[in-house]
1. If I take R0 = 25 Å and measure r between the Cβ atoms of Glu42 and Val67 in this structure, what FRET efficiency does the formula 1/(1 + (r/R0)^6) give, to the nearest 0.05?
2. Set the Förster radius R0 to 22 Å, insert the Cβ-Cβ distance between Met121 and Glu101 as r into 1/(1 + (r/R0)^6), and round the FRET efficiency to 0.05.
Amino acid sequence: MLVIVMPARTTRAPQHPRRGIREVKITLISRDHRILTKIAEELRQKALDKGVRVRGPIPLPTRRLIVPIRRSPDGRGTETIDHWEMRIHKRVLYIELTTPEILRDIMKTEFPTEVEVEMRMIER
């Protein structure tokens, strides 16, 4: 799933010395960290080939979702419980947008169905 969020307009001027720099923040989310790392490195390499500044991939803390399930379906007998766990991994990349072709190349990337992608435009 690809989600694109446009930036909200702010009234205050940016305090960054390089005004008007636009970046795209790409957040990749998946249960399989190997696929996630591969896609993040692929995006990084595409941006570096274009000669733009890239920060990342920055690994965020892994989220662990644990669900305890009772083994006995009828409710009798000993209370034996299984614990099922799902780990959710995230990576963040910041890519500076100097030309529109960079964003076009990022959008052309084929993402596997296991990877959720969120893109946000940031102006500094």
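The numbers here are math on the coordinates, done by the rules we state, and not lab data. Quantities reported herein were computed from a predicted structural model and do not represent experimental measurements. Neighbour counts run over all protein chains shown; Cβ positions are idealised from the backbone, glycine included.
1. Values: r = 33 Å, r/R0 = 1.30.
With R0 = 25 Å, the Cβ-Cβ based efficiency is 0.15.
2. Working: r = 16 Å, r/R0 = 0.72.
Taking R0 as 22 Å, the efficiency between Met121 and Glu101 is 0.90.
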